[in-house]
Each structure stands twice: as structure tokens, then as C-alpha cells.
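Student: I'd like to ask you about the structure that follows.
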Amino acid sequence: MWNRVIAMAALMLMVGAPSAFAQRVEVSGLFGWTLSDGVSGDPVLAGDGNIYDAVDITDSASWGFAVGVNATDNVEVGFLFGQQMSTLEVTGTNTAELGDLKVNTYHPYVAYNGGDIDARVRPYFLVGFGATNYGSVSFTGLGGQQRETGSETQFSGTLGAGVKVFPAPNVGVRFGLQWTPTYIKTDSEGWWCDPYWGCYVVGDAQYANQFQFNGGVTFRF
């Protein structure tokens, strides 16, 4: 999986070569806060007597980095990594915390930067497609036994917008918002019948969302 993601990033970085590498390269370190949600499922009666029907990811701090090159004065291609240091919960008639969870995101992206390439202030908008990995979670069961959930990787996209400010030619700061929806599953909603197309099962796709407020330092060369 990671080889495919890295290959996608390398391919995007090569778009427009050699002109891309004749332009500026930007490297950014990012830190922020991420609001997250989970998905619902079928109700399950647990050993503690409560019924649980959803899995949630708690809001928490996050960090990451971005590496991009200018294919043109305004179009940037690159790779964006993020990690949210969260906690996994199950909810229903009760809320139970299972354990610490790391959510890693890997997204090759294309961005549009406003203004001139050497401008001190540059608003930006980016879109990316890649993967989100939910790490394994270790927890203690009701009987005292140690258990662990498996790691899971799913397709995800990301949209971001913000502004970069360069008080010096090669060093700046950036502030932005980023939304990352990750596909988790599709639940059957029943049958739909049409006189032309016939009958078919209708599905309801569920996504886990991350809304990140971030800032950081950018170096451009």
C-alpha cells in the first residue's frame, strides 16, 4: 500500500519536469488541532450490560509536513503527511474509551497559490487523494485480558485552504484549514425499483471526517 502511495507522490512531483525543479521548492512543518468523527454500526450488547452502536475518534492535537514544487508560478504539486494523536471510543448507552489511536494520512496533492511566486502573502487552495491509516489500538477487556484491534487503511481525499506569509524571502509562516473525509463502509438501505432499470440495492456510504486547523513554518528555496 505504501509503495503505491509513494509512487503516486513521486509521479506528481515529476509532473512538469524539468521546469518544476527550476522553480521554487517549499517544505513546511505543520502543527494543529483536529476535530474528528467516526461511524455508526449495528447495536451490540456488550459484557458490561450496555449497547454500543458507534465508533468515534476523539478530537486531538495533530502534526505533519508538506513538500511541494512549483510546476508553474501558481500551480504546486507535492506530498502531504499528517498524524493525529487521538483516542478510540465506542459509544451508545455508554461511552467507553478503548485506547490511544494514531491516524496517519498520506496525500499527493495539487495546489493553487495566489499572487506572484515571490510575493510576501500567498493564499492557497489544495486538493489531494491518497490514503488514511488507522493504527492498531491495545486495550484491556472486561475479563482483564489484553486485546488489540487491527490496523486499517482506507481511501481518502483532502481539501485545504489558507494563507502563506513570508516576512523573509526564504522563511515564512502558514495558517490553514483542512478537511479529510475517509471512506469506511457502505450500509445497505434496502431496495429501489424502477420500471426502466429494474430493482437494485441502495447503499449509504459512511465516511470518517477530520477537520484540521493548522499552522506552521515554511521554507522555500
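The values are calculated or read from the model by the stated rules, or taken from the named source; none is laboratory data. Note that the coordinates shown come from a computational prediction; the quantities given were computed from them, not determined experimentally. All Cβ positions, glycine included, derive from the backbone under ideal geometry; neighbour counts span all protein chains shown.
Student: State all residues of region 105-119 that are at pLDDT 95 or above and either out of contact with any Phe, Trp or Tyr (no Cβ under 9 Å at 6 or more places or on another chain) or surrounded by fewer than 17 Cβ atoms within 10 Å (Cβ to Cβ) (or both); if no residue qualifies, say none.
Tutor: So the first thing to find is which residues in region 105-119 are at pLDDT 95 or above, and the list is 105-114.
110, 112, 114, listed by residue number.
Student: Additional query: Grab the strands (runs of 3 or more DSSP E) fully contained in region 52-146, keeping just those with 2 or more residues being under 23 Å from the mean Cα position of the chain (by Cα).
Tutor: Values: elements: 60-70, 75-92, 95-113, 121-134, 138-140.
The qualifying strands (runs of 3 or more DSSP E) are 60-70, 75-92, 95-113, 121-134.
Student: Given the structure, is residue 42 loosely packed, with under 14 Cβ neighbours inside 10 Å, over 24 Å from residue 169 (Cα atoms), modelled with pLDDT under 85 and not hydrophobic (A, V, I, L, M, F, W, C)?
Tutor: Details: loosely packed, with under 14 Cβ neighbours inside 10 Å: yes; over 24 Å from residue 169 (Cα atoms): yes; modelled with pLDDT under 85: yes; not hydrophobic (A, V, I, L, M, F, W, C): yes.
Answer is yes for this residue.
Student: Just wondering, is there one or more residues in region 131-138 that are among the aromatic types (Phe, Trp, Tyr), over 18 Å from residue 84 (Cβ atoms) and either free of Cβ contacts under 8 Å to residues at least 60 places away in the same chain or out of contact with any Cys (no Cβ under 7 Å at 6 or more places or on another chain) (or both)?
Tutor: Pass one, region 131-138, residues among the aromatic types (Phe, Trp, Tyr): 134.
Those still in the list that are over 18 Å from residue 84 (Cβ atoms) too: none.
No, there is no match, as no residue in region 131-138 is among the aromatic types (Phe, Trp, Tyr), over 18 Å from residue 84 (Cβ atoms) and either free of Cβ contacts under 8 Å to residues at least 60 places away in the same chain or out of contact with any Cys (no Cβ under 7 Å at 6 or more places or on another chain) (or both).
Student: Can you tell me which residue is modelled with the lowest pLDDT among those in region 23-38 that are surrounded by fewer than 17 Cβ atoms within 10 Å (Cβ to Cβ) and hydrophobic (A, V, I, L, M, F, W, C)?
Tutor: Within region 23-38, the match that is modelled with the lowest pLDDT is 25.
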